[in-house]
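Notes to accompany the following structure.
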Amino acid sequence: MSFRKILIANRGEIVARVARTARRMGYATAAVHSDADSGAPFVAACDEAVGIGGLSPADSYLRIDAIIDACRRSGADAVHPGYGFLSENAAFARACADAGLLFIGPPAEAIEAMGDKAAARRRMDAAGVPCIPGYDGKDQDDERLTAEAGRIGFPLMVKAAAGGGGRGMRRVHGAGELPAALASARSEARSAFGDGTLILERLLVGARHVEVQVFADTLGGTVHLFERDCSVQRRHQKVIEEAPSPAVDAALRERLGRAACAAARAVGYVGAGTVEFLLGADGQFHFMEMNTRLQVEHPVTEAITGLDLVEWQLRVAAGEPLPLAQSAIPLTGHGLEVRLYAEDPERGFLPQTGRLLRWRPSGRGRCDHALAGGVQVTPHYDPMLAKVVAHGRDREEARRRLIAALRDTVVLGLTTNKAFLLGCLEHPEFAAGRATTDFVAAHFADATPVPPAREAVAAAALLFYRRGVAALPQPALAGWHSGGNARYHLELDVAGERRSLTLRPTGHGLAIEGAGEPMVATDLGGEDERLCLELDGLRLSIPYAFAGPDRLHLDVGGRDIVVEEVGRRPPRSRE
């Protein structure tokens, strides 16, 4: 099972992540890219790259024939699927084998066994892994589903039997909601997965989403690398992950690990996988599903174990035994990860597109990304931009470090969830380790547009003033700076709010009127497109980027605030 060159059949940060470990281990790497990604930074992370055409995933990253042909053209003899796209596609795993390629993942049979949630539930029940009470039968008639829902009781969850990522899932709180939920979940499941089969499960209110990282080799060895808590979710998709779970003690950890390993053995699993459970308030856990791939959140497991999970994948794929026995796997400190998305939390987490004007990851902690200034975020792919990760001696230290790293991360040019993530991390319920799957709905459901802060108005006034005065002829400029007897009128649109400002230089800075309470701001300069200012005696540092002469982006409190200059009058003597 030896191999020398790995084609990474994915895009974005996971390509750069896999390539980093592969190159360290001496393997050559090849990337694939769609037409939309031809100039993307992840392409340059590999030794070679092969264009596979198209813009949408269906025309590129989901084309099995194109991936197999890219292996032939590049000379790759192994394929790492990353996550998403074809990573849990049994037909792809078989196509790789038929083409003489090593698929760095589980056998096709294991992917199939866990890919159908209904069949997986039955298999887990037979293996003694506790499952959520529900219905997973083949009779999909609405009358039968309605009867089963009555037996299970409300509230319950309607779920697509195929696929994942939160698609085809509906919460149902009463019998009156069931018909519409069945119709919409079935329609979405058919559209997303080509299969409208549904299962019903009891909804565990106030539960936690806890998953266990498992690894198995080809020699019969199976271990777990502890649990992750992924309870903070929006639209059934994770946004914050941590390891270990604040709700799991040593005894429960052992029980979860045993159940997860039993689940992996029940399907003849090989490689990296994740067994997902719901943990009730009563301490009882129930099997949800198994993800037959490396997870987005694997860095938090790496943080607490000090291990490289991609290295483990490559060693297992090469036929080696697992590097460590269960008793030798360390658990040190606490790891936390947030997913930075191009989306608008104030508008239902609607995905955002546009050009990334500025990107500067924090020097604190770990940031997995494949970004650069000027990158175009398109509507064709998932809007996740990066993962910011921190580790600490305990949970509180990890939380503080992650907040600091996220604040330091500069991302300007389009709306992101950075401020939302900071709000979650700083929320008392999360800080206390009490967040459940209801956390976002309970505390952030009424997200409404936040008025621009005074800092944003002051920074915009200073920056546009700096630009406007620099463009004046020298005599006017000299008069502008002498004695503070000139006024400068500026019309700004600040995050959709019109502001008519009057600016007047004083001996202490720039007096700004028209933004509510008058304020005095002093331009202290700054480097690398970061404005240093003093506002009413407080010194601040605000990242910024101009998207043209009249359009400015500011990072204030984690929000990308867009300011446009819509009018200006030259300086004149005080009236």
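Each peptide in 317-323, 108-114 gets a packing score, the mean of other Cβ atoms within 10 Å over its residues, and the list from highest to lowest is 108-114, 317-323. In the context of the full set of protein chains, the stretch 314-411 has a per residue accessible area of 42 Å² (1.4 Å probe).
Here the 3J(HN,Hα) profile of the stretch 240-253, calculated from phi with Karplus coefficients 6.51, -1.76 and 1.60 at θ = phi - 60°, is 10, 10, 8, 8, x, 6, x, 9, 10, 9, 4, 5, 5, 4 Hz, Gly and Pro shown as x. Counted over the chain, the DSSP beta bridges are approximately 90% antiparallel.
Contact order for the stretch 12-142, expressed relative to its length and based on alpha carbon pairs under 8 Å spaced 6+ residues apart, stands at 16 percent. As a fraction of the 1.4 Å probe accessible area of the stretch 21-81, surface on carbon and sulfur atoms comes out at 48 percent. Packing around the peptides 189-199, 8-18, taken as the average count of other Cβ atoms within 10 Å per residue, puts them in this order, highest first: 8-18, 189-199. Distance from the C-alpha centroid of the stretch 213-272 to that of the stretch 319-377: 20 Å, rounded to the whole angstrom. With Cα atoms as the point set, the chain shows a radius of gyration and Dmax of 26.7, 87 Å. With helices as the sole contributors, the chain gives -9000 deg cm²/dmol at 222 nm; each DSSP H run of n ≥ 4 counts as -39500 (n - 2.57), and the sum is divided by every residue. Cross-link pairs exceeding 30 Å between alpha carbons, from the set K5/K238; K117/K387; K117/K418; K159/K387: K5/K238; K117/K418. In a fully extended conformation the segment linking D282 and L324 would gain 11.8 nm over its present Cα-Cα distance, using 0.36 nm per residue.
Which stretch or stretches of the stretch 26-43 have amide N atoms under 14 Å from the point lying 7 Å from Q376's Cα along the Cα→Cβ direction? Those under the cut-off are 34-41. Each part reduced to its alpha carbon centroid, the stretch 31-90 and the stretch 277-316 end up 25 Å apart. When only the Cβ of Lys, Arg, Asp and Glu is charged (+1, +1, -1, -1), the dipole of the chain relative to its Cα centre reaches about 740 debye. For the chain, the relative contact order is 10 percent, taking Cα pairs closer than 8 Å that sit 6 or more residues apart in sequence and dividing their mean separation by the residue count.
The values are calculated or read from the model by the stated rules, or taken from the named source; none is laboratory data. Quick caveat: nothing in here was measured; it's all calculated off a predicted structure. So basically every Cβ, Gly included, is an ideal-geometry build from the backbone, and we count neighbours across all protein chains shown. Ligands, DNA and RNA are excluded from the accessible area calculation, which covers all protein heavy atoms including side chains. Shrake-Rupley method; radii C 1.70, N 1.55, O 1.52, S 1.80 Å.
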